[in-house]
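Written out below as structure tokens is the structure these notes cover.
What follows draws every value from the coordinates through simple rules; no lab data is involved. None of these values were measured; they are calculated from a predicted model.
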Amino acid sequence: MLLKDIQTGGDIALSAAQVKIVDGLLAESDSLRHFLLENVVQNESSDLSTTEIVEAYAEYCPLKGWNPKPITVIHRELESLMLELFGTSKSHSIRRDDKSTKGFRRVAFRSRQYGT
């Protein structure tokens, strides 16, 4: 059957369920990027703290049936993904509760589901 699949389609044919599993595993491996693309938008008058993003990501992953990445990996990937996707670099002067914290300028959550 495998040889027939390869001869007719050039590869091993997967069932719809198998394709869904593979797609889910691939998406989970890049879950932070998926989260940012689905939930963050550019907004010139807004900003997000790193803590707000991490907490929202931690809420998002279980909704997708994914395990969130470890916090050290999130912090390591977040800065480069925010620059790549939204053109914003990490700031150390995002104001929250009259204190400076780390975060990103000119971005907001797409909906009020997350954040402030």
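Backbone phi angles across segment 91-97, fed through the Karplus curve with coefficients 6.51, -1.76 and 1.60 (θ = phi - 60°), yield HN-Hα couplings of 10, 9, 10, 6, 8, 9, 6 Hz in residue order; Gly and Pro are listed as x. Near the amide H of I94, within less than 5 Å, lie the amide hydrogens of T101, G103, all on another chain or at least 5 residues away, with H placed in the peptide plane.
Close amide H partners of S46, meaning residues 5 or more places away or on another chain with modelled amide H under 5 Å apart, are R106, V107.
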